[in-house]
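Rule-based calculations on the coordinates, nothing more; no lab input. What you are looking at is a predicted structure, and each value in this text was computed from that prediction instead of being measured. Cβ placement follows ideal geometry from the backbone for every residue including glycine, while neighbour counts extend to all protein chains displayed.
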Amino acid sequence: MILPIGIRSLPVRSKKNNFRKGFTLIELALVAVLMLVIVGIAAPSIKRTLSGFVTNNAALDISKLISYAQERAIIERRYYKVRFDPAAGQYRLSASDESGDKLVYRDVPGKFGKVFSLPQGLSIKRSEDEITLYPDGTCDEFSFTVADRYGSAYLVRIKGFGTSFDMREVGIEK
């Protein structure tokens, strides 16, 4: 049979293949429930892992600030201090001011002089309330631990000269 241009013949279905291909509503619902169960099981583990990354990053940030202060103390021949307020979860950098015979510490101007805060859910435990960095490149031995509420913690020890930091992961008792 010859058809005019633009008219096509429609496919004819045989009685053998008269069913639709696809998924039923029950199959889709079962897959959705299965995915929700898997996500529910995996979510706490993912949350703990991300919290561990945040804890590690916070410990590194504090270490970098101490290292920066140590370098500035050598270059400027001044005393620097990093002061901690564990109750507020904050720390800040201050430098000595040469006013008179007594050393007076003032906050450093610029972005390094601001008050730094730990991310929510983290706490800091330290051996002292502050670390002093001397103009000759030395500092007092100092250690601090940054911990989260899931038991992930990082212990950082500063050994006294140069940028000698020892950082390792430690577990804490909940």
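Could you tell me which of I41, V31, I66 has its Cα farthest along the dipole of the stretch 25-171 towards the positive end, charges placed at Cβ (Lys, Arg +1; Asp, Glu -1), taken about the Cα centre? Of the listed residues, the answer is V31. Its Cα centre serving as origin, the stretch 43-168 has a Cβ charge dipole (Lys and Arg +1, Asp and Glu -1) of approximately 520 debye. Between the stretch 95-168 and the stretch 18-91, how many Å separate their Cα centres? Cα centroid to Cα centroid, the span is 22 Å. Legend: residue pairs K64/K102; K102/K159; K64/K111; K111/K159, Cα-Cα distance threshold 18 Å; pairs beyond threshold, K64/K102; K102/K159; K111/K159.
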